[in-house]
Each structure stands twice: as C-alpha cells, then as structure tokens.
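What follows is calculated from the coordinates using simple rules that are stated; it is not laboratory data. Quick caveat: nothing in here was measured; it's all calculated off a predicted structure. Every residue, glycine as well, gets a Cβ built from its backbone with ideal geometry; the counts of neighbours run over all protein chains shown.
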Amino acid sequence: MPAVTAITVGEVWAAAVCGGTGPRVALALLLAQSCAAACQCETDAIDLGGQRREIATLFTDIARFTTLVETLEPSVLGLLLNDYLVGMTDIVFAYDGTVAKIVGDALHVLFGAPGEQLDHCTRAVACALALDEYAQSFRDRCRQKGILLGVTRIGAHAGPAIVGNFGGGRFFDYTAYGDTINVAARLETANKQLGTRICVSADLATKAEDFRGRLIGDLVLRGKSESFRAFEPLQVSQYEDPSTKSYMEAFAKLECVMIRVRSLRSRRM
C-alpha cells in the first residue's frame, strides 16, 4: 500500500470532476459527512473563489519524521503513515473539521469552513486534544514494534481568513490564506522550544467553551513584533491534577513580579 504524500481538497475535487462524479461528491472525501451535506445547501462555500470568514485552524506535524523516513523500508513506512493518517483524519471528521491539506505526515485542518460553525473554536480545541491522545497511543504502538516515532506537535489559532477554492481548469485547491493561518503554523513549531505538544493562542482559548488549559506565556513568533499569549490545552484529568494548580499559582506569582519590574523600569525612564 503506497504512502500518502500530499493531498489537497482541490485535488480530490478535480479528480472527481474529471471522473464525472461531481464536485460535491469529491469534497465529501475530505469533509465530515455532516459538513459535506451542509455545503450542498451553501453553494457559495464551494464555488470557485474566496470569501472572508472567522475560522479556527490547526496544524499537526511529527517531530523528526524526515529522519525516520530515511531509516524505514518503504513498505513499513507506507503502512505506518497510512494507519496514522486514517486515525488522525477520522478524528478530524468526528469533530466536523475539514482536512484542507495533507503533506507527508502533516495535516492542515479548518473549522468554520467551508460550512459555517458557530462553535468552531470549541471544536478545534476538542479536536486538538483528541488528536494528541491518538498520536500518543499510536506512538506507543510503534515503540512496541521497535519504531521510534517522534511526538506529534499541534498548533491552533482562530481569526479571520480568506477561504475558498482557488485555481482553474482541472486544478482546484480549497484552502485558507491570511495571518491566522501563519500564526497557527508557527504555534505548532513553537512546541519544540516550549517542550509542549499542543500550543494554542489566547484568541482561540478564550472563544472555546469550557476551555481547560495552562498559560504558557507571551510568545513573539517569527515575523511578528507583538507577542501572542499562548496556552496548552489539557484533558480534564490533567487540569484537575494538583501539579497543574501549583504550576498556575507559580506562573501567577511570576507575572506579578514581571509587572513590578516593568513598572520600576518605566519610572526610571
């Protein structure tokens, strides 16, 4: 079974159009069934062109995957990657997300597009936690087989983006553009320095219902001059653990100290 290397919604769409099955059937391949059905009634969401929407988006990536690729037999790699992607995309669909793109092991997922979802932020956080849980269990299974798979890092953000089908002729690429997408991708990368597996923006955390997580800090992401407050979402059991309470109390004290330091500096200036 060959490994999946790169798939976009547009490529699946175009393949179905050429086969005479129609764009909505093709779109359903990378959308949850409920979302694809909704898009049949919301024709503007799937027509060629873009529109500005409030969305939530997340990126996933396996650490050191390129190095692993060089050490595995193609047949082993193919089975491993396909099993991983099937499990990950099944979870995305369970939360009515859209798989905008698959590149190697990495996923780009959208919530709130193509169809509108008023709770897109809540869905994104819940999906990120579920993806993390699956990725960790998958990693444990690989370790039992002697395959040292890296951790899956996830970054997520919410905000405005231009989403839609872009292209023409035989190629259509359903994707999203804008700063919201760039920030989500950079939050995924930030996990490496932070020692976390999930990193989400305050913009996403504050809009997600019943968000549970711990404050990581204020990050200055690559290409940005202003800082972004970031959080690590936690499962209920992690959030209620005494160590999490101790962490948050210590962080609050540290913030108070930093506020005093900044205040003293401003007075001296």
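Approximating the spin labels as points 7 Å out from Cα along Cα→Cβ, the Leu148-to-Asp119 distance works out to 4.2 nm. Computed extension length for Val103-Ser243: 46.7 nm, one decimal, from 0.36 nm per residue of separation with the Cα-Cα distance subtracted. Note on segment 106-251: Kirkwood radius taken over Cα pairs, Stokes-Einstein applied at 10 °C and 1.306 mPa s, translational D equal to 96 µm² s⁻¹. Which part of segment 116-145 falls in the paramagnetic zone of Asp83, meaning amide N under 14 Å from the point 7 Å along Cα-to-beta-carbon? Only 135-145 pass the distance filter.
Can you tell me the dipole magnitude for segment 149-228 around its Cα centre, using point charges on the Cβ only (Lys, Arg +1; Asp, Glu -1), in Debye to the nearest 20? Provide the component values of the computation, followed by the final result.
Values: 10 positive and 8 negative charges, 66 e Å.
Using only the charged Cβ atoms, the result is roughly 320 debye.
Here segment 193-214 is scanned for amide nitrogen atoms under 13 Å from the site 7 Å beyond the Cα of Leu254 along Cα-to-Cβ, giving 194-196, 214.
Annotation for segment 68-139 versus segment 218-248: alpha-carbon center distance of 22 Å.
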